[in-house]
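Novice: Here it is: the structure, laid out below.
The values are calculated or read from the model by the stated rules, or taken from the named source; none is laboratory data. These numbers come from a predicted model, not from an experiment. Here Cβ is always computed from backbone atoms with ideal geometry, including for glycine, and neighbour counts include all displayed protein chains. Ligands, DNA and RNA are stripped out before the accessible areas are found, and what is left, the full protein with its side chains, is counted by its heavy atoms. Shrake-Rupley method; radii C 1.70, N 1.55, O 1.52, S 1.80 Å.
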Amino acid sequence: MTSHLLTLGHERVGFITGNPDQTASLRRQEGYEAALQERGLKVDPELIAPGLFTYRSGLVAAERLLRLKDPPTAIFASNDDMAAATVAAAHSHGLAVPSDLTVCGFDDTAMATTIWPELTTVRQPIGDMSRAALDLLVRKVKAQRAGAPQPTGHQRLQFTLVRRQSDAAPRKRPP
């Protein structure tokens, strides 16, 4: 998602983290930072706001980012609930999404298509992830019963960028 935002022309991309107790939070932040570094941009800690995967934490984080002296032109939230909260915060500041502020999320939950504008987000292959986890669990149980070594390894599944109405190129700022 961060690469997508950079490709649109955003250079100040805010990021709302997820719950620090969940591995997904760390992975999403690592992806955000890696995309910036690949484009030669410095990771600015001021543009990273803590969230907890809740709507309320998204409101607090978005407010923090929008009140910066030089606010971001895009905000990528670690899930759709926090992205929806960011859209609400933008509206409360008189900002139009996406013409004044691009907002994107992650997960492609029902929330992504329930708000206006509908969210650009990352769709996780939840069904495939569930099947892979169940398959691994079954193989582990069978191996344990047979006294065989436990299966190991990783399976990589494809995530999909779903573009809707909440992203656009940044508006030119006056000098």
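Novice: Listed residues L65, L36, L59; which is part of a helix (DSSP H, G or I), under 15 Å from V103 (Cα atoms) and open to solvent by less than 20 Å² (accessible area, probe 1.4 Å)?
Specialist: Values: L36 fails: under 15 Å from V103 (Cα atoms); L59 fails: open to solvent by less than 20 Å² (accessible area, probe 1.4 Å).
Answer to the check: L65.
Novice: Any idea which residue in segment 101-121 is surrounded by the fewest Cβ atoms within 10 Å (Cβ to Cβ), counting only those that are touching a helix residue (DSSP H, G or I) at 6+ places or on another chain (Cβ under 7 Å) and under 24 Å from V43 (Cα atoms)?
Specialist: The qualifying residue surrounded by the fewest Cβ atoms within 10 Å (Cβ to Cβ) is D107.
Novice: Could you tell me which residue of segment 70-84 is farthest from F159 (Cα to Cα), considering only residues that are of a type in the set (G, A, S) and assigned to a helix (DSSP H, G or I)? First the steps, then the outcome.
Specialist: Step one: list which residues in segment 70-84 are of a type in the set (G, A, S), which gives 74, 77-78, 83-84.
Narrowing the set further to residues that are assigned to a helix (DSSP H, G or I) leaves 83-84.
Numbers: A83: 18, A84: 20 Å.
Ranking the qualifying residues of segment 70-84, first place goes to A84.
Novice: Scan segment 75-108 for residues that are of a type outside the set (D, E) and either farther than 21 Å from S3 by Cα or over 17 Å from the mean Cα position of the chain (by Cα) (or both) and jot them down.
Specialist: Initial filter on segment 75-108 (of a type outside the set (D, E)): 75-79, 82-99, 101-106.
Residues satisfying the conditions are A85, A88, A89, A90, H91, S92, H93, G94, L95, A96, S99.
Novice: So in segment 147-169, with the set limited to residues that are surrounded by 12 or more Cβ atoms within 10 Å (Cβ to Cβ), out of contact with any strand residue (DSSP E or B) (no Cβ under 7 Å at 6 or more places or on another chain) and modelled with pLDDT of 80 or more, which one is farthest from A84 (Cα to Cα)?
Specialist: Applying the filter and picking the extreme gives A169.
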